[in-house]
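The block underneath contains the structure these notes are about, expressed in structure tokens.
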Amino acid sequence: MKLQIESYHELVALHKSLMSAKFDPDPYIPELQGSPFTSSLAFNVFDLLVETCRSDGNLHLANEWLDWQKADESRREFKLLIKKIDNDPWWQKANKNEREKYLKEFMSPLILEKHLVAQTVRGA
């Protein structure tokens, strides 16, 4: 399957729409937030944003996107993640691999700092 994106601005709109669906504090469809399918789409759209900037010769903007992708504990998206797992009984029963997978899928297309992944998985 293919999706035809007509412009960089359309691609940014798609990215923002995904981010809005994934990181809404009061989501209309909560299942979207940690869905592996939504995660895959978010990473694909993000990668296309970076690739488009590079192809257009705008390496500065590509690097800005890559910097934006790095997530630490100050990000509102991380705070939403913590709130979500604190209120989810599944999290307490999940093993290390399930927790790591969920963190990646929930945070996508953001990439959480490794120490925060380890800390969050442990429950510290």
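The values are calculated or read from the model by the stated rules, or taken from the named source; none is laboratory data. No experiment lies behind these values; they were computed from the predicted model shown. Cβ atoms come from the backbone with ideal geometry, glycine included; neighbour counts cover every protein chain shown. The protein model used for the area step is the full one, side chains on, heavy atoms only, and it has no ligands, DNA or RNA in it. Shrake-Rupley method; radii C 1.70, N 1.55, O 1.52, S 1.80 Å.
Cross-link partners for Lys70 among the lysines, with Cα-Cα distance under 24 Å and sequence neighbours closer than 8 places in the same chain left out: Lys16, Lys22, Lys79, Lys83, Lys84, Lys96, Lys101, Lys104, Lys114. Taking GluC sites (Glu not before Pro) as exposed when their DSSP state is a loop state and no more than 15 other Cβ atoms lie within 10 Å, the longest site-free interval of the chain runs over 7-72. Ignoring ligands, DNA and RNA, what percent of the accessible area of the chain is carbon or sulfur (1.4 Å)? Ligands and nucleic acids excluded, carbon and sulfur reach 55 percent. Counting only whole DSSP H helices of the chain, the ones at least 18 Å long by C-alpha along their axis and with mean Kyte-Doolittle hydropathy no lower than -1.0 are 8-22, 36-55. At the residue level, Leu3 shows approximately 130 square angstrom of accessible surface with a 1.4 angstrom probe and all protein chains present.
Restriction of the trypsin sites (Lys or Arg not before Pro) in the range 1-94 to DSSP coil positions whose beta-carbon has at most 15 other beta-carbons within 10 angstrom yields Lys2.
When the helices of the chain are scored as -39500 (n - 2.57) per DSSP H run of n ≥ 4 and the total is divided over every residue, the value at 222 nm lands at -20500 deg cm²/dmol. Between the amide H of Ile111 and those of Lys70, Ala71, distances stay under 5 Å, these residues lying 5 or more places away or on another chain, with hydrogens modeled in the peptide plane.
What is the calculated FRET efficiency for Ser55 to Ile111, with r their C-beta to C-beta distance and R₀ = 25 Å, to the nearest 0.05? The calculated FRET efficiency here is 0.70.
Just to confirm, what accessible area per residue do you get for the range 13-124 at 1.4 Å probe, in whole Å²?
61
Separation of the range 78-124 and the range 1-57, taken as the distance between their Cα centroids, equals 21 angstrom. Computed over the range 19-81, the P(r) tail beyond 19 angstrom holds 41 percent of alpha carbon pairs.
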